[in-house]
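This report concerns only the one structure given below.
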Amino acid sequence: MEKKNKRSFRERVIGALLQFFILLFTIGTVYPVLWVFKIAFGSQKGLSLSLSLFPAQPTLENFNHILFEKPFFIWLLNSLIVAAATSVIGIFLAATAGYAFSRFRFPGRTAGLLSFLITQMFPGTLMMIPLYLIVNWLGLLDNLAGLVLVYSTSAIPFSIWMLKGYFDTIPKELEESALIDGASRTLIFYKIILPLAKPALAVTALFSFMTAWNEYILAATFMNRELSYTLPVALRNFVGQFAQDWGLFAAGAILVSIPIVALFFILQKYLVSGLTAGSVKG
Amino acid sequence: MAEVVLENVTKKFGDVTVVKGINLQIRDGEFMVLVGPSGCGKTTLLRLVAGLEELSEGKIIINGRVVNQVPPKDRDLAMVFQNYALYPHMNVYDNMAFALKMRKVPRAEIDSRVQEAARILGIEKLLERKPKQLSGGQRQRVALGRTIVRKPSVFLFDEPLSNLDAKLRGQMRAEISKLHFQLKTTSIYVTHDQVEAMTMGSKIAIVNEGVIQQSGTPMDIYDTPVNKFVAGFIGSPPMNFFAAVVQEENGQTFMQAEGFRLRLQGDLANKIKVEGLKETLFGIRPENLHDAEFFKKGDGFEVFSVQVEVVEPMGAETYVHAMAGKNRFVARVTPKTRARVGQAMQLAIETVKIHVFDKQTMNALRWEVQK
């Protein structure tokens, strides 16, 4: 009896501690985000040192300024074009390559897969100078196509691994059955494999889109004209060396995050089924 | 309608030869069952016929045409896979119509064929459903339906019933047999289940280690297995084997096994004498062992004593597991048996039904009369 009480007391203490830490981490995660909202809706240009989460004089001035007095929609369009093109090109190449890696045995298969893995081990900034030289040589500096090229190549290795892993879980009997039924390899890929791989395609597309959408360093290096900026570069310039407008920056940050959040919601059902895929027979 | 002929069919995966020079003829309209333990090469053989694997050597001839280089879709065959291989994102109708769409069959024709197949299989009400909304038996029916809409000249079945529970399996077994009776399409059916082989096949081929051990009608194979493997593989419970020494005494032939001694008569005794066998391996099926108490003794029967280990009443009959010396026997006896675990009982053995195997080659010794 005594022992049982003791144990439940200990369990309760552990439980309380756990709750405390969870609360702490939640505050730690949410507070900065709320703080960004405070700044965005506030009227100050600088950073206030107050811990309060409510702006002293709430205003939409920052949003008004960034939306209508800056070329925000051009930057948005730039970002959208770059991110969309990156995910479309990336998905197409990664899906076809991933399928080949999953289904065919060819010389260099293992080496190819490993080399994709190795490219993921180097930090992106390491590649900056060689990439700059290549893009410059191609004459694509200050051109969105240059960014698309660089982003898709850097997203593809991960995407190939991701999709190959998913294709591996699709029973090969489905394809054999289709082969006997009279379908060609190409048709099988588009009519059987791709529809079944929707969850993985959604996850991969989201990954590519986000990578391109959020990327700053390469975009800042390659894009020098204000009108060819993508959103991260444009935002960064609000808090540059000479002028510091944190209000604009925060308002911009909120606007930039909207499409990503929307995309997450749209793809949510695929993301969930992507995570549970393979757990159910048949 | 078609005839399938395999000539010296060989398949190697790297250094491993999985199918070793198989020759087999499947006549028009025949239901050929390839049966064998897992890993014996039977599925590979089926996949070779389907064109899903490339031949290493030999020829596959369908309807007089060598199809070695013909892609699967042009071999005019349809296949049912072990896991059904239904397209998960298509409904039942589209699953069944897929092959016809691929072949550019007119829409109206597709519809009538799918409806007809659905009617034959009793799945008309399921046409709008997705595979994941179907039970195992229903999926199996759709998989069958997908093959029959094609009206191919050959059906291939790769262990189609192994994912079903025992009751459903028995039911589907009968349905496939019925379907074959209606359609009379040449079929090759792969299974590891000897019951399926016995009950469904118009012919059986028993495969082991990439070689066909024996082929023929089910009853032929059951009655006259050519070697110990076939004898032990076909039949449930399996045949009992025991080693014994042949002895001659006063012109009579006896076999002395550990724990018991039997007098042999007639053709069997003669054959053993002619062959000059001394030490050899004998086999007897469980149904040829009877409870001596309830069995009229007479010519062709010998009685010996065993120690009962397990008694399994099945209702219509009772299986008795017993030991005689170091030899283990299973006997299918009358349910009236008074056998009790741990006690001795008398078994009557039908000596004319005894199978004799060469100890070295394990091949069966054939003799004339099997009453």
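Where a number appears in this text, it was derived from the coordinates with a stated rule and is not lab data. None of these values were measured; they are calculated from a predicted model. Neighbour counts run over all protein chains shown; Cβ positions are idealised from the backbone, glycine included.
Note on B:Thr199 and B:Ser135: with the Förster distance fixed at 22 Å, the Cβ-Cβ geometry gives a FRET efficiency of about 0.45. For segment B:136-151, the Karplus equation 6.51 cos²θ - 1.76 cosθ + 1.60, evaluated at θ = phi - 60°, returns couplings of x, x, 5, 4, 4, 5, 4, 4, 5, x, 4, 7, 6, 4, 5, 6 Hz by residue, with Gly and Pro reported as x. Restricting the calculation to Cα atoms, every distinct pair contributes to the Kirkwood radius of chain B, found to be 23.2 Å. Summarising the label geometry, the points placed 7 Å from Cα in the beta-carbon direction at B:Lys184 and B:Asp223 lie 2.7 nm from one another.
Can you pull the Rg over Rh of segment B:68-188, Cα-only, Kirkwood? Present the calculation step by step, with values, prior to reporting the outcome.
Details: Rg = 13.7 Å, Rh = 14.6 Å.
Ratio value, two decimals: 0.94.
Note on A:Thr125 and A:Arg105: with the Förster distance fixed at 35 Å, the Cβ-Cβ geometry gives a FRET efficiency of about 0.45. Under the combined filter of DSSP loop state and at most 10 neighbouring Cβ atoms within 10 Å, segment A:63-148 retains these chymotrypsin sites (Phe, Trp or Tyr not before Pro): A:Phe104. For the protein assembly as shown, dividing the convex hull volume of the Cα atoms by the residue count gives 282 Å³ per residue.
Let me have the 222 nm mean residue ellipticity of chain B computed from DSSP H runs of 4+ only, each contributing -39500 (n - 2.57), with the sum over all residues rounded to the nearest 500. Roughly -7500 deg cm²/dmol at 222 nm, from the helical runs in chain B. Run through the DSSP bridge list for the protein assembly as shown and note the antiparallel percent, rounded to the nearest 5. Of the beta bridges lying entirely in the protein assembly as shown, close to 80 percent run antiparallel.
Per residue, what volume in Å³ does the convex hull of the Cα atoms of segment A:94-227 enclose? Let's see the in-between values first.
Numbers: hull volume 17.8 nm³, N = 134.
That works out to 133 Å³ per residue.
Maximal additional length on extending the A:Glu226-A:Phe73 stretch stands at 53.8 nm, based on 0.36 nm per residue less the C-alpha distance. Cross-link pairs exceeding 28 Å in C-alpha to C-alpha distance, out of B:Lys132/B:Lys203; A:Lys172/B:Lys59; B:Lys20/B:Lys184, comprise B:Lys132/B:Lys203; B:Lys20/B:Lys184. Across segment B:231-248, coupling constants 3J(HN,Hα) worked out from phi with the 6.51/-1.76/1.60 Karplus curve, θ = phi - 60°, read 4, x, 7, 8, x, 9, x, x, 4, 8, 10, 8, 8, 8, 10, 8, 10, 10 Hz, and Gly and Pro carry x.
Annotation for segment B:88-122 versus segment A:201-252: alpha-carbon center distance of 52 Å. When the inverse distances between all different Cα atoms of segment B:1-145 are averaged and flipped, the Kirkwood radius reads 17.1 angstrom.
Distance between the 7 Å Cα→Cβ label points at A:Phe265 and B:Gln171: 4.7 nm.
Site pair A:Asp168 and B:Glu309 shows an inter-label distance of 4.5 nm when each label is modelled 7 Å from Cα along Cα→Cβ.
Considering only A:Ile258, B:Val92, A:Leu147, and ranking their Cα positions along the charge dipole of the protein assembly as shown that arises from unit charges at the beta-carbon of Lys, Arg, Asp and Glu, the one farthest toward the positive end is A:Ile258.
Amide H contacts of B:Phe301: B:Thr351, each under 5 Å away and 5 or more positions distant or on a separate chain (H built 1.01 Å from N in the peptide plane; Pro and chain starts excluded). Taking amide H as placed 1.01 Å from N in the peptide plane, B:Asp291 has its amide H under 5 Å from the amide H of B:Thr334, B:Ala348, each at least 5 places away in sequence or on another chain. For chain A, the alpha carbon positions stretch 80, 71, 32 Å along the principal axes, listed from largest to smallest.
Between A:Thr59 and A:Ile258, what is the FRET efficiency for a Förster distance of 22 Å, r being their Cβ-Cβ separation, to the nearest 0.05?
Details: r = 20 Å, r/R0 = 0.89.
Here the calculated transfer efficiency is 0.65.
Of the Cα atoms belonging to segment B:285-371, the radius of gyration and Dmax stand at 13.8, 40 Å.
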